Each structure stands twice: as C-alpha cells, then as structure tokens.
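> Next up is a structure, given as structure tokens.
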Amino acid sequence: NKAMAMGDSLIKAAMIEPLTSGFQEYELKMGSIQTILANTSRYGTGLDEVTASLDELNEYADKTIYNFGDMTRNIGLFTNSGLRVEEATSMIKGFSNAAAASGTNAQGAASAAYQLSQALSSGTVRLMDWRSLTTVGMGSKNMQDGLIDIARAMGTLNETGTTAEEIQNDFNSSLEKNWLSADVMSKYLQIMAGDMDDASMAAMGLTEEQVTMLRQQQIAAEEAATKVRTFTQLIGTAKENLGSGWGKTWELMFGNFNEATEMWTSANNAITSGIDASAASRNQMITDFIDLGGRATLINAIVAAFGALSKIFQAMKGG
C-alpha cells in the first residue's frame, strides 16, 4: 500500500500537477495581459510588448527560486503605479534579485512588493514603505549605500537639502525628507536586474568606484536568486520549469491573448444563447399558465390540500 501510494504521488508530481499548474499559469498570463494593457494603454503599449515582457519574466522565474505567479502579480502592481511595462519588468527582476540576496522568501517579497508599488504611485519611498522592506529582511546596508550613491548622482539629495552623511547616520529618519524618490529606487532596481550597463551608470553621474560596487552587488544578488542550494529550492524550480512548459503547450492549443479571446467569447455567446432560449421558453410557459388562471387554480389546490390535512390531524387528535 505504501509503495502504491508513493507511486501515485510520483505520477501526480511528474504528470498531473505540471499539467494543471501549466494551465493555471496560462490563464494567469491571459488575465495579466489584460491588466497590463489597461494600465499602460496611455503609453501606446501593444500586445507584443506585454507578451514579450511576461515571457521574459517567465524565463527569469524558471531560473530562480521565485515563481511566475509572483512575477505577474508584481508587474500588475508596478504598471498600475504608472510605470511602463519595460521598466516594470526590469524593476521586478531587480527587486527579486535584491530579495534573494537578503534571504527573503517569496511570500515576504510579495508583501514588500505591494507596499513598494504604493510608494511608486506616490513618487516617494517613505519610512512606512521602507519598513515594509526591512520587516521581511530587505533594506541591507549595501542597498542603503547604493540608493544613497544613486540619489547623490541624480541630484536628489541637493534638491531635498539632505547630505549623504546625514542619511548614513540615521537612514530611517532621513526618509522623512523625501529624498528617496521613485526614480532613485527604479534606477537601483534596474541595476540589480543587470539591465543597466556600466556606461549607463557612469552617465548618471556615478563614479567608477561606485559603478564597480553596484555591479558586484548585482552579480551577488543574481547568484542568490538563481543558484539552487537546497532540495526544497530544487523541487520548486523543477516544478516551475515543468509548469512553464505545459503553459506554453496550453497556449499553443488555445491560442494567444487575441486568439483565446475570440474562441472563448464565441463559445460563451453560443452557450449563453442556448441558456437564454431555454429560460425564455420556460418563462413563457409559466406566463401562459398564469394567464389561463393557473395561479389561482394552484393556490386553491394548495389551500384545499392544507385544509384536508388539517381535518386529518384534528381527527387523529380527537381519536
């Protein structure tokens, strides 16, 4: 019995679960495309750009300890805050790398990503937002120093009358001066994603030493996200890869966003028409019954039945 149970579990893990998780991943992708298109339509973003970004995140998820569901949820949050889909994609990868470098699990990273998306909407990362990062283990000294260097290079510190020394002495309190803008955080996360080369960082005003330090952070963060070090992580990444493969299979079967929309809409219209016709026929029959006096006849029959039952009960009681 134990051997059969183990065999059954292995079959489910190897065949059934990937198939169902792949279908869920496919449906999640279709829903996410709709959300992202709605969030980024003002930028003229098309289906091809959104699909390419989701495919990029899916490929990234297959290599890391985080899953595609987390990626799509976060990109919906980030684009809803006003980011372009390309920028949001890069930031999510960078955020995941930074979370992995801090040892943050997927659940903690998802919670922090939600709070960060709210901060991006307001244009400034404040103390409350920063605490959501530190609560899940993020916000290390390396991250703080990187943000300070970028803010100084972009001129944000001068604009808010804040000095690097003041921030380093009390990072949390310094956030009340609103020096940590959404642009500064965006640039840091894009660097952590590896999507900004050394020349681009230097063009921002970063020194050669600062560029080197940030590049080292990025490499270490990416390794933390992509290197598998435990059996649990191995199982998770394997399942993610299997699910992604089946997700592509389902997409080939049912079509991409436009194709699936046309197919399922047609199916829905056909089913709805049948249901509506059945309901209309039934309701017309009931209407005709009522028009012929059926309601009064039915009520009288019910009253008579209850009257007969009442007499029977009374007779039984008297007996």
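The values are calculated or read from the model by the stated rules, or taken from the named source; none is laboratory data. What you are looking at is a predicted structure, and each value in this text was computed from that prediction instead of being measured. All Cβ positions, even for glycine, are placed from backbone atoms using ideal geometry, and neighbour counts span all protein chains on display. For accessibility, only protein heavy atoms count, side chains too; no ligands or nucleic acids. Shrake-Rupley method; radii C 1.70, N 1.55, O 1.52, S 1.80 Å.
> What are the residues in the range 51-67 that are more than 10 Å from LYS93 (Cβ to Cβ), of a type in the set (A, V, I, L, M) and in contact (Cβ under 8 Å) with a residue 60 or more places away in the chain, if any?
ILE65
> What number of residues within the range 77-91 satisfy the criterion of being buried (at least 21 other Cβ atoms within 10 Å of the Cβ) and free of Cβ contacts under 8 Å to residues at least 60 places away in the same chain?
6
> Kindly indicate whether any position in the range 134-144 is in contact with a Ser or Thr (Cβ under 7 Å, 6 or more places away or on another chain) and surrounded by fewer than 18 Cβ atoms within 10 Å (Cβ to Cβ). First the steps, then the outcome.
Filtering the range 134-144 for residues in contact with a Ser or Thr (Cβ under 7 Å, 6 or more places away or on another chain) gives 136-138, 140.
Subsequent filtering for residues that are surrounded by fewer than 18 Cβ atoms within 10 Å (Cβ to Cβ) retains 137, 140.
The answer is yes; a qualifying residue exists.
> I'd like the full set of residues that are basic (Lys, Arg) and closer than 23 Å to THR230 by Cβ, limited to the range 19-68.
Within the range 19-68, the subset basic (Lys, Arg) is 29, 42, 63.
Within the range 19-68, LYS63 is the sole residue that qualifies.
> Still on this structure, I have one more. Regarding SER173, is this residue open to solvent by 40 Å² or more (accessible area, probe 1.4 Å) and of a type in the set (Ser, Thr, Tyr)?
Values: open to solvent by 40 Å² or more (accessible area, probe 1.4 Å): yes; of a type in the set (Ser, Thr, Tyr): yes.
Answer is yes for this residue.
> Related question: Any idea which of ALA315, ALA305 is farther than 30 Å from THR64 by Cβ, exposed (fewer than 10 other Cβ atoms within 10 Å of the Cβ) and out of contact with any Ser or Thr (no Cβ under 7 Å at 6 or more places or on another chain)?
On the way: ALA305 fails: exposed (fewer than 10 other Cβ atoms within 10 Å of the Cβ).
After applying the criteria, what remains is ALA315.
> Shifting gears a bit: For the range 121-170, please list each of the helices (runs of 4 or more DSSP H) lying entirely inside it that holds at least 1 residues being of a type in the set (Ser, Thr, Tyr) and touching a strand residue (DSSP E or B) at 6+ places or on another chain (Cβ under 7 Å). I'd like the intermediate steps shown before the answer.
On the way: elements: 127-135, 141-154, 156-160, 164-169.
Passing ranges, in order: 156-160.
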